[in-house]
Amino acid sequence: MIPTREEAFNLLSEYTKSKSLIKHALSVEATMRYFAKKNNEDEEKWGVIGLIHDLDYDMYPEEHCKKTKEILIENNWPEDYIRAVMSHGWGTATDVEPKTLLEKTLYTIDELTGLVTTTALVRPSKSLMDMTAKSVKKKWKDKKFAAGVDRSIIENGAKMLGVEITDLITDTIMGMRVVANEIELNG
């Protein structure tokens, strides 16, 4: 069974009640779709995996990734989708190392979307539409700002992907702009 976006969103909605976690899922989904398109990959697959990646975090934070694996197995999700979701928690919640381009991208941009979101929220415009990588990089240096964002994961992911941090940030902003209205970062 190849899961559809609708099925993924319904499952996400069943396990995630937090508005901020839904916005995060939409941000990661949009960014994954952006990177898939940029790399001539399957936008639907990448998007669905991005949408569902934190499925268990609201209800089972202590079992992050592990509970998602159980839920996806119960719902007959493909093994490669499950592995991709597990790999985004590499080094923090799982020992599943990201190997594919999809997995490396998810691992990297999961944290980065949080930093981009937080940066947008403190801007006068409260918008992604006028934000550049320079704004995010300025905040990057302040370790107290968005302290929950593990910058070392983003740096490690950028190395795995072979991309510069500035380019990664720019592409993440571009991906998130698609859902700026839904995630309330359109000014």
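Given the structure, is T4 surrounded by fewer than 18 Cβ atoms within 10 Å (Cβ to Cβ), in contact (Cβ under 8 Å) with a residue 40 or more places away in the chain and touching a helix residue (DSSP H, G or I) at 6+ places or on another chain (Cβ under 9 Å)? Answer is yes for this residue.
Only helices (runs of 4 or more DSSP H) whose full extent lies in the range 68-143 are considered here, and the ones with at least 2 residues that are buried (at least 22 other Cβ atoms within 10 Å of the Cβ), at pLDDT 95 or above and of a type in the set (A, V, I, L, M, F, W, C) are 79-87, 101-122.
Taking the range 39-67, which residues are over 16 Å from the mean Cα position of the chain (by Cα) and part of a helix (DSSP H, G or I)? Matches in the range 39-67: P61, E62, E63, K66, K67.
When the range 71-91 is filtered for residues that are of a type in the set (S, T, N, Q) and closer than 20 Å to S13 by Cβ, the ones remaining, listed by number, are N75, N76. Quick check on D56: is it touching an Asp or Glu at 6+ places or on another chain (Cβ under 8 Å) and touching a residue at least 12 places away in the same chain (Cβ under 8 Å)? When the stated conditions are applied, D56 passes them. Taking each residue of the range 159-175 that is closer than 13 Å to T105 by Cα and modelled with pLDDT of 95 or more and looking for partners that are hydroxyl-bearing (S, T, Y) and surrounded by 22 or more Cβ atoms within 10 Å (Cβ to Cβ) with beta-carbon atoms closer than 7 Å, six or more apart or interchain, yields L161/T105; L161/T108; L168/T108; D171/Y34; T172/T31; T172/T113; G175/T31; G175/Y34.
For K143, the conditions (1) of a type outside the set (G, A, S); (2) closer than 23 Å to L51 by Cα; (3) free of Cβ contacts under 8 Å to residues at least 40 places away in the same chain are fulfilled apart from (2). All conditions but one from (1) of a type in the set (D, E); (2) out of contact with any Leu (no Cβ under 7 Å at 6 or more places or on another chain); (3) closer than 20 Å to L12 by Cα apply to D42; the one that does not is (3). Across the range 56-67, the qualifying residues are those that are out of contact with any strand residue (DSSP E or B) (no Cβ under 9 Å at 6 or more places or on another chain) and within 25 Å of G157 (Cα to Cα), and the one among them that is surrounded by the fewest Cβ atoms within 10 Å (Cβ to Cβ) is E62. Scoring L11 on the criteria (1) within 24 Å of G157 (Cα to Cα); (2) in a helix (DSSP H, G or I) leaves a single failure, condition (1).
Can you tell me which residue among T100, T108 is among the hydroxyl-bearing types (S, T, Y) and touching a helix residue (DSSP H, G or I) at 6+ places or on another chain (Cβ under 6 Å)? Only one candidate passes the filter, namely T108.
The values are calculated or read from the model by the stated rules, or taken from the named source; none is laboratory data. These numbers come from a predicted model, not from an experiment. For neighbour counting, all protein chains shown are included, and Cβ atoms are generated from backbone atoms with ideal geometry for every residue, glycine included.
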